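Every read-out reported here was derived from the displayed coordinates using simple, explicitly stated rules and does not represent laboratory data. Since this is a predicted model, take the numbers as computed values, not measurements. Don't worry about glycine lacking a Cβ; one is built from the backbone with ideal geometry, like all the others, and counts go over all protein chains shown.
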Amino acid sequence: MLEADIQLLYKSDFYRIVNYKCYCTICSLSEPEYNNSFCISFIRKGFFEYQVFKNDFEMYVGRILLSKPGYEHRTRHINNHPDITVVFEFKPSFLELLKEQYKSSAGWFLSMTICTQ
């Protein structure tokens, strides 16, 4: 069974944009997952719960999710509502440029303290 369809929409030296269409309808909590890059995700359809830092966030149409590499998260689809999400996935070199440019105003957010089990 196909769990997701990932379609590349755009790719550059600094980032790529993908359309992620999830087919998961199981309402259980996923195993721990980790992103490999800094991502900005825009939820276009569906509804799911995103758990990170012992917090539960409801993600639904119009919400934006920021995620950093190396942080543990879990996902739970609610009431059989798979999601469609556009993901802007930034390469490490671009993230380093952001960290340098915004170290005085957003260094606290861009620091890459990795959380693990």
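Annotation: amide H of GLU49 within the under-5 Å range of MET59, ARG76, HIS77, ILE78, sequence separation 5 or more or interchain, hydrogens built in the peptide plane.
Run the numbers for ASN79 and TYR34: contour at 0.36 nm per residue of separation, minus the present Cα-Cα distance, in nm.
Full extension from ASN79 to TYR34 adds 13.8 nm.
Here the Kirkwood formula puts the hydrodynamic radius of the stretch 4-110 at 14.7 Å, using every distinct Cα pair.
Let me make sure I get this right: for the stretch 39-89, a, b and c are the square roots of the gyration tensor eigenvalues over alpha carbons, sorted descending. Under 1.5 in a/c it's rounded, otherwise prolate if a/b > b/c, else oblate. Which is it? Each step should come with its number before you reach the end.
Numbers: a/c = 2.08, a/b = 1.16, b/c = 1.79.
Taking the square roots of the gyration eigenvalues as a ≥ b ≥ c, the stretch 39-89 is oblate.
Here the extension length gained between VAL61 and GLU100 equals 10.8 nm, from 0.36 nm per residue of separation less the Cα-Cα distance. Computed from the C-beta positions of ILE17 and LYS54, the FRET efficiency with R₀ = 22 Å rounds to 0.10.
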